[in-house]
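Visitor: Dropping the structure in here first, questions after.
The values are calculated or read from the model by the stated rules, or taken from the named source; none is laboratory data. Here the structure is a predicted model, which is why all the values come from computation and not from measurement. Neighbour counts run over all protein chains shown; Cβ positions are idealised from the backbone, glycine included. The area values use the complete protein model at the heavy-atom level, side chains included, leaving out ligands, DNA and RNA. Shrake-Rupley method; radii C 1.70, N 1.55, O 1.52, S 1.80 Å.
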Amino acid sequence: MFMFEEQIIELLKKELKKEAQGDIKLEIPPKKEMGDFAFPCFNLAKEFKKSPVEVAKQIASKLKPVGMVEKIIPLGPYVNFFLQKGNVAESILKSIHEEKDTYGSSKEGKQRVVCIDYSHPNVAKPFGIGHLRSTMIGRALYNMLKFHDFKPMGLNHLGDWGTQFGALIYAHLTWGDRERLKTDAIKYLLEIYVKFNHEKEKTPELQDKAKEWFKKLEDNDSEAIKLWARFRELSLEEFQRIYKMLNVDFESYDGEAFFKDKFDDAVDLLKTKVKTELSDGALIVPLEGFEVPAIIVKSDGTSTYITRDIAAAVYRLKTYKPYKVLYIVGSEQKLHFKMLFKIIGLLGKDESKFEHINFGFYLSADGSKMATRKGTIVFMEDVLNESIALARKTIEEKNPDLANKEEVAKKIGVGSVIFNDLINDRIHDVVFDWKKMLDFEGDTGPYLMYTFARASSIVRKAIKEHSLAPGTSVDFSKLSHESEQKVVMLLSKFKEKISESLAQYKPHVLAQYLIELGRAFNEFYHSCPCLKEEDKELQKARLLLIDCTRQVIKNGLKLLNIDSPDEM
Ligand code: ARG
């Protein structure tokens, strides 16, 4: 919170000693003529035994402007506050100029550990566009938590265990092609998996083969383990290529396989603490409030997805001593996590630490589910490469003389895919539309990156051609234009927006704020010249404002894991 907000809250607190228990929340009036902050009086009506309009009048008449507060008036059911513009701009712009890359950060986290289970693609399957959502939402939360002094732990809970690996081993040994496994692992593994399922329709007994091989895996059979390890390693190599493009890494890649034999204690505990039952040879836990029980151990003694998750949860509590454990997984697994958290509670652990951060699907521009476009899977690497190619084409058209064209194309291409994912409220589905995503005028990554490059270019020119570097010995009261004040006020909201994103685990709050800031900046840019401004004092003040906006857009995009080029 900035000093001026604190000053207003102090004033109100003094006046409302007993009436206003709890937090005093200020709002931003819809119109500039109505002041900078408004205090709503609805909740005080009862206490004062007056209408909110009367309450606002009474409070306003008692308050005396101090510090940066210039004027206080009642407006309907609100008390509105007007600030001394120069001082406000001074306090915000000076902080940004001083704090630079750390502007917007805080010490709020106090190094508390937050486990983030994210990305977690499935081995031997393509990294699909669905995993992009988990990867980017998870990573943005990771960055924001770190910025606010938490200690995030990125856990890539790989899907590297389960009956499907039995099927894969059987298929590879039966119809296999070693060469293709070497050169084109994921596509090859996908093909033999599809073939297995196809053949299974004709010969249902094949499922037994898959189970047999999975049982061998669980029993540590050396041939089975060797093949499995090879599939895993080749898949990881492909995933790493994508992570490199997206600039993402993890503290741990312990996937389901890692937890396969760590559930015995949990099962014992379940047996003593909860009622387990045998049903057709399988060990199940009936859960109150659920229509189906959780299957803990299958009749052949093998583990299930939920068993491995129970083991992982217990392990994480013990190993990381976390303040929170977040699972960034699509809404289709809601039931799974409800069950998991319930069981964690039944085990006597603190289930309130656990949270399922769910999200919607990707849809094609025509509204169909993206993963099955034309009956085929959309490969993430192809999507990124196509986006980079489109960015490359745009650069050739718009700025063919640009230096480092390839590097810039990569940043724009990848950044637009990421931003398109994060600008959407995670609980909604995302439409994947190339045209919209790369539109330089829309609510897009390229729009923000272009705004950042524009601001950077003005600062560069000022230094080079006008020997003028952004600095803070300026007359802040010169920034009196409406569009300048709007940018200043938005800049002051940055930290708050990060906190808001974190409170809801929703990165789109930050992404949308950045778009709002970009729009305000471009409005200012079009109505207030800087390099051509004759009033030298005004010019200096505007240059600082431009440089501060540049800094905040940069910090914001970085939190969303987007690296913005200085020039494009
Ligand atoms: N691999 C799973 C999938 O792609 C997601 C794993 C989520 N994490 C977990 N701990 N269950 O659907």
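Visitor: Among I395, I562, L11, which residue has its Cα positioned farthest towards the positive end of the charge dipole of the chain, with +1 placed on the Cβ of Lys and Arg, -1 on the Cβ of Asp and Glu, and the dipole taken about the Cα centre?
Guide: Value computed over the given set: L11.
Visitor: Compute the angle between helix 305-320 and the longest alpha-carbon principal axis of the chain, please, reported from 0 to 90 degrees and rounded to the nearest 10.
Guide: 50 degrees
Visitor: Still on this structure, I have one more. When only alpha-carbon atoms count, how far does segment 285-397 stretch along each of its three principal axes, as whole angstroms with the largest first?
Guide: That works out to 62, 33, 27 Å along the principal axes.
Visitor: Show me 401-412, 132-143 ranked by packing, highest mean number of other Cβ atoms within 10 Å first.
Guide: Put in order of decreasing packing, that is 132-143, 401-412.
Visitor: Moving on to the next point. Less than 9 Å Cβ to Cβ from S303, Lys/Arg counted +1 and Asp/Glu -1: what total charge do the surrounding residues give?
Guide: Its environment carries a net charge of 0.
Visitor: Same structure again: Can you give the angle from 0 to 90° between the axis of helix 222-246 and the longest principal axis of the chain, with both taken from C-alpha atoms, to the nearest 10?
Guide: Approximately 20 degrees, to the nearest 10.
Visitor: Take the alpha carbon atoms of segment 250-338, find their radius of gyration, then divide it by 2.2 N^0.38 Å using N residues; give the quotient.
Guide: Ratio of Cα Rg to 2.2 N^0.38 Å: 1.13.
Visitor: In segment 409-487, which GluC sites (Glu not before Pro) are in a loop and have at most 16 other Cβ atoms within 10 Å, using DSSP for the loop call?
Guide: The qualifying sites are E441.
Visitor: Treating the chain as a set of equal point scatterers at the Cα positions, no solvent, please give the Debye-formula log₁₀ I(q)/I(0) at q = 0.06, 0.08, 0.12 Å⁻¹.
Guide: Ignoring solvent entirely, the Cα scatterers give -0.41, -0.68, -1.20.
Visitor: Report, for the chain, the % of DSSP beta bridges that are antiparallel, rounded to 5.
Guide: 55 percent
Visitor: In terms of modelled amide H atoms, which long-range or inter-chain residues lie less than 5 Å from the amide H of L75?
Guide: N80
Visitor: Then there is this: With the dipole of the chain worked out from charges on the C-beta (+1 for Lys and Arg, -1 for Asp and Glu) around the Cα centre, which of L384, T272, N87 lies farthest toward the positive end?
Guide: Among L384, T272, N87, the one farthest towards the positive end of the dipole of the chain is N87.
Visitor: Ignoring ligands, DNA and RNA, please state the percent of accessible area on the chain from carbon and sulfur, probe 1.4 Å.
Guide: Roughly 50 percent, rounded to a whole number.
Visitor: May I pose another question? Relative to the longest principal axis of the chain, what angle (0 to 90°, nearest 10) does the C-alpha long axis of helix 206-218 take?
Guide: The answer is roughly 70 degrees.
Visitor: Given Cβ point charges of +1 (Lys, Arg) and -1 (Asp, Glu) and nothing else, what value in debye, to the nearest 20, does the dipole of the chain about its Cα centre take?
Guide: 1140 debye
Visitor: If you don't mind, there's one more thing I want to ask. Can you list the aspartates and glutamates whose alpha carbon sits under 13 Å from that of K216, skipping same-chain ones fewer than 8 residues off?
Guide: Partners within reach: D208, D300.
Visitor: In debye to the nearest 20, how big a dipole does segment 448-514 give about its Cα centre with +1 on each Lys and Arg Cβ and -1 on each Asp and Glu Cβ?
Guide: Once rounded to the nearest 20, the dipole reads 220 debye.
Visitor: Could you run the Debye sum over the Cα atoms of segment 491-568, one equal point scatterer each and no solvent, and tell me log10 of I(q)/I(0) at q = 0.12, 0.15, 0.26, 0.27 Å⁻¹, two decimals?
Guide: For segment 491-568, the Cα-only Debye profile gives -0.40, -0.59, -1.23, -1.28.
Visitor: Moving on. In terms of modelled amide H atoms, which long-range or inter-chain residues lie less than 5 Å from the amide H of V297?
Guide: Result for V297 returns L283.
Visitor: Now for a different question. Skip the ligands, DNA and RNA, and give the accessible area per residue of segment 67-145 with a 1.4 Å probe, whole Å².
Guide: 33 Å²
Visitor: Based on the mean of other beta carbon atoms within 10 Å per residue, what is the order of 92-104, 217-229, most packed first?
Guide: Going from most to least packed, we get 92-104, 217-229.
Visitor: Please list 241-248, 55-62 highest first by mean number of surrounding beta-carbon atoms within 10 Å per residue.
Guide: The most tightly packed comes first, giving 55-62, 241-248.
Visitor: Sticking with this one: Give me the dipole magnitude in Debye, nearest 20, for segment 147-186 about the Cα centre, with unit charges on the beta carbon: positive for Lys and Arg, negative for Asp and Glu.
Guide: 60 debye
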